[in-house]
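Below: one structure, written as structure tokens.
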């Protein structure tokens, strides 16, 4: 047996066993999952979701079936940890593929009360089709809270993949900072940093590495348009800009590892920081530390966000507030629960969050660090380790 | 007024005017759109969809409102072609942001019969919330067929962006082929080609260029794991593989331009092609030409797929069939209508498709070209122009 970073077969079995317990506990006829991340979580099958519907079904005997288009049959058989893969010819097709899926559910004796994560296959890239209830005539109950909670508590193996992701995100970020200079183009710098970090990563990890992502083949670091005055817009998109002296920059780096993500973001300044830049940077950093202090098992997600907002209010910073304090991260780069004043989920060991309160100042820029942390038995561990202080994040304008 | 590649303000106005005609014609109280591509199509606002709900609303007087999280307020105000942007604090928040949206709909007098593209904000990245019908108590009718048909017929300006995209995808593909050689790693080759093509593109187009994509900053070409025997799996993911003599490769290249995509894919062979490789390559090429011949205004999407399947059947190729003949492309890299035997949509001038019948041979590899074409008044124009013949696509194994 060769060494591997991949999640083991026995871990997929125990994930399935927990879902089966839920089916039995709730007296469901079975469960149907449409969400591609739910399918990956339960089966290990990483794929490109398209307009062609796919679904995972488990009956009350624990039998697991994956329903895929013909296109994905060999791929699913090779990789999905299920008892059986069933395929349909094509979408839209005639008859609609979901008719065939309804027959599979009948054969699996998944009926009466069916747990599902959505009303039907989600409408992406133009997909249209019938709901699960209209297909089966059965009552559908929402199993999202169960599956999402299961995914929110990361195992040791999942945390190990996130730790590996953090390392290569750190390298990509280090190179991003190194190559960022006045007059350079953001796309050029981002590509160079991402490219070199990825080559180093795949040479280092060799066959241990797969991104497990349809969007990325390796480590990535960039600005996504958060440059200078644009940085006051948190979710900007790349604008093909060049760096100027005095720019406030907000970065982001990640490296998907077998599908698992991490996030490190830093605020950097080009040239000697102004008094205003210093002020907002230090407030942002203190607000993030306020969040770190509030993150512990037994506290609620909302407690963390309330603590951050109290800090903002104390220093009259609410005009610069734009978003909550963070989100969960794992197979998805954003997932619940959220560090939001409206989310009263209790923090538990194994939950992994980004911690990223931000300040956005018109005509000056955005100020946001993001670190990836895991809740432990006693408090939290900050998995990302890129320097957080202004001196380390100041880029010479010479 | 500076020159620009971007879709003009007047084109957004005419898109909105056509939606308003539909509202009036169907006697709707108004329309609500949740899909991020629908919002971009109607408003020009390109953004990163997240768990934070967003929606576009238009009432029967033609008043357009975009509903966004506080995070996106300045961004939306700067870019969205609407009468008004309304924002909510944060998701999940308390109360749920969709309560505030329901009040906005009341003020807009969008009631009774509401057209919508989905039952509610779609469940992505962990979002959960009420349906539009439960929020408003109104009857909801599906406006997808109208909006999707509107998007399917590309304007001259949209086709111009797709033409621009084709050029830079072509460059990325040319570099991909140039750097692919025995012993190289697919990720290294893909990054080098994408990187150089992107630098050339942004230097050439300068401020005319924005990717308008959350996933890509420029031109991209790669293999996505479709290498050697793996190439028999159409939707494989990157496996960090190295090239070997005798490999059959399936490529893909694109360059989003102001959000618009094109697709060119080619089958390449490393070393002198074997008799089997030649046979399947030439059948694949002939099947694609069969599809080209069937694409004309007035024919149906299904006619094209039937013609391709007839070719497959004539030459006993159905064991190697895995998927339909192509899909529409535009703001999305896959969208409807589909060149599928179950899709009876009539072809109209301005529709843009990928044409890509494929053959997948176990233990040998996959064979697929994809070209991007536009239906014209008289037939079709093939927008992609990368060589399609085997001699041009054979890579030396020396």
Suppose the filter is facing chain B (nearest Cβ under 9 Å) and without any contact (Cβ under 8 Å) to a residue 24 or more places away in the chain; does residue A:95 pass it? yes
Which residues, taken from region A:203-212, are under 20 Å from residue A:331 (Cα atoms) and free of Cβ contacts under 8 Å to residues at least 60 places away in the same chain? A:211
When you check residue B:168 against the structure, is it touching a helix residue (DSSP H, G or I) at 6+ places or on another chain (Cβ under 9 Å), at the interface with chain A (Cβ under 9 Å from one of its Cβ atoms) and either buried (at least 17 other Cβ atoms within 10 Å of the Cβ) or not in a helix (DSSP H, G or I) (or both), yes or no? no
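For every residue, the table says whether it meets (1) crowded, with 18+ Cβ neighbours inside 10 Å; (2) in contact with a helix residue (DSSP H, G or I) (Cβ under 8 Å, 6 or more places away or on another chain).
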| residue | (1), (2) |
| --- | --- |
| A:233 | yes, yes |
| A:245 | no, no |
| A:272 | no, no |
| A:284 | yes, no |
| A:292 | no, no |
Any idea which of B:211, B:216 is touching a strand residue (DSSP E or B) at 6+ places or on another chain (Cβ under 8 Å) and at the interface with chain A (Cβ under 7 Å from one of its Cβ atoms)? B:211
Name every residue in region B:302-327 that is at the interface with chain A (Cβ under 9 Å from one of its Cβ atoms) and out of contact with any helix residue (DSSP H, G or I) (no Cβ under 6 Å at 6 or more places or on another chain), in order of residue number. B:302, B:305, B:327
If a residue has to be out of contact with any helix residue (DSSP H, G or I) (no Cβ under 7 Å at 6 or more places or on another chain) and in a strand (DSSP E or B) to count, how many in region A:20-68 make the cut? 1
Answer yes if at least one residue in region B:100-113 is within 14 Å of another protein chain (Cβ to nearest Cβ) and touching a residue at least 12 places away in the same chain (Cβ under 8 Å), and no otherwise. yes
With respect to residue A:161, is the statement that it is buried (at least 20 other Cβ atoms within 10 Å of the Cβ), away from chain B (no Cβ under 14 Å) and closer than 30 Å to residue A:374 by Cβ true? yes
Does any residue of region A:77-86 turn out to be at pLDDT 95 or above, on the phi > 0 side of the Ramachandran plot and in contact with a helix residue (DSSP H, G or I) (Cβ under 8 Å, 6 or more places away or on another chain)? no
Suppose we filter B:393, B:383, B:331 for residues that are touching a helix residue (DSSP H, G or I) at 6+ places or on another chain (Cβ under 6 Å), more than 14 Å from chain A (Cβ to nearest Cβ), surrounded by fewer than 23 Cβ atoms within 10 Å (Cβ to Cβ) and in contact (Cβ under 8 Å) with a residue 12 or more places away in the chain; which single one remains? B:383
Hey, can you tell me all the residues within region A:133-151 that are assigned to a helix (DSSP H, G or I) and over 20 Å from residue A:15 (Cα atoms)? A:133, A:134, A:135, A:136
Which one of A:345, A:376 is touching a residue at least 24 places away in the same chain (Cβ under 8 Å), surrounded by fewer than 22 Cβ atoms within 10 Å (Cβ to Cβ), within 12 Å of chain B (Cβ to nearest Cβ) and farther than 23 Å from residue A:249 by Cα? A:345
Number of the exception - residue B:115 against (1) assigned to a helix (DSSP H, G or I); (2) under 26 Å from residue B:345 (Cβ atoms); (3) at pLDDT 95 or above: (1)
Please enumerate the residues belonging to region A:80-89 that are within 14 Å of another protein chain (Cβ to nearest Cβ), within 30 Å of the chain's Cα centre (by Cα) and in a loop (DSSP other than H, G, I, E, B). A:80
Being without any contact (Cβ under 8 Å) to a residue 24 or more places away in the chain and surrounded by fewer than 23 Cβ atoms within 10 Å (Cβ to Cβ) is the filter; apply it to region A:62-79 and report the residue that is farthest from the other protein chains (Cβ to nearest Cβ). A:77
Is it fair to say residue A:187 is more than 9 Å from every other protein chain (Cβ to nearest Cβ) and more than 22 Å from the chain's Cα centre (by Cα)? no
Give just the number: which of (1) surrounded by fewer than 20 Cβ atoms within 10 Å (Cβ to Cβ); (2) within 11 Å of another protein chain (Cβ to nearest Cβ); (3) touching a residue at least 40 places away in the same chain (Cβ under 8 Å) does residue B:298 not satisfy? (2)
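The values are calculated or read from the model by the stated rules, or taken from the named source; none is laboratory data. Since the structure is predicted, the reported quantities are computational estimates derived from the model, not experimental observations. For neighbour counting, all protein chains shown are included, and Cβ atoms are generated from backbone atoms with ideal geometry for every residue, glycine included.
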